[in-house]
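Worksheet for the structure shown next.
The values are calculated or read from the model by the stated rules, or taken from the named source; none is laboratory data. Predicted, not measured: the structure shown is a model, and the values here were computed from it. Ideal geometry is used to build each Cβ from the backbone, glycine not excepted, and the neighbour counts take in all protein chains shown.
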Amino acid sequence: MVITHFQDAGLAEVKSVVDIPVLGLGETTLFHSLTLGRKLGLVTINPVFIPWHEDQVIRYGLQQRVVGVRAVQATVADFIDSFASDAAKAKLAPKWERECRILLDAGADVIVPAGGLPMMLFGSERGANFDGAPIVNEVNTMPGFTPVSMFPRAWAVTGVDYPTLLTTLVETALARGTGLR
């Protein structure tokens, strides 16, 4: 089972009532990020989310590995506009970079965008980094099936395009039939 929201709302509660593995998007992203460096810095989209992410850090026992949680002084609309307009992104980017700089100066060597909007905007390009510190895109706990999701992109490198991938997946599933797997 997967909780596919970076803040992992309800993750502990779900884990307490089921006897199957349960993963959270924030949980998997933070632990993966630790494989890329010694100290993490989290950047969220608004100061209102800082206490939530600080709680995540404590809940996962990462206090010694996270140098801080910072927030871009922007609105959700500012992020949305940045996807549609290069000018809007150019206006937002210095705010993002300011928070990253503060975290790097505090000792972070990996930047974790704490939420989907900053991940997609600043961490989705291959090799995304800020002054050499990797910007981690989410560790997707369930492969996506849009053309820009990691699973289809990985297959595209091998020459399998998106329509062919979807057709192959559906045909393979239908050929297997039903029943326990």
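Some observations on this one:
- In the range 29-58, the residue that is farthest from ALA71 (Cα to Cα) out of those that are surrounded by 18 or more Cβ atoms within 10 Å (Cβ to Cβ) and β-branched (Val, Ile, Thr) is THR29.
- Failed criterion for PRO51 (all others in (1) within 22 Å of PRO94 (Cα to Cα); (2) out of contact with any Asp or Glu (no Cβ under 6 Å at 6 or more places or on another chain) hold): (1)
- All told, ILE111 meets the bar of being at pLDDT 95 or above, among the hydrophobic types (A, V, I, L, M, F, W, C) and touching a Cys at 6+ places or on another chain (Cβ under 6 Å).
- Residues (without any contact (Cβ under 8 Å) to a residue 12 or more places away in the chain and aliphatic (A, V, I, L, M)) located in the range 16-47: VAL17
- Total residues in the range 90-119 satisfying the condition of being touching a Pro at 6+ places or on another chain (Cβ under 8 Å) and outside any helix (DSSP H, G or I): the figure is 2.
- Contacts under 6 angstrom Cβ, first residue in the range 92-107 being free of Cβ contacts under 8 Å to residues at least 60 places away in the same chain and in the same structural domain as LEU121 (by TED's automatic domain parsing), partner among the acidic types (Asp, Glu) and surrounded by 13 or more Cβ atoms within 10 Å (Cβ to Cβ), 6 or more apart: LEU92/ASP78
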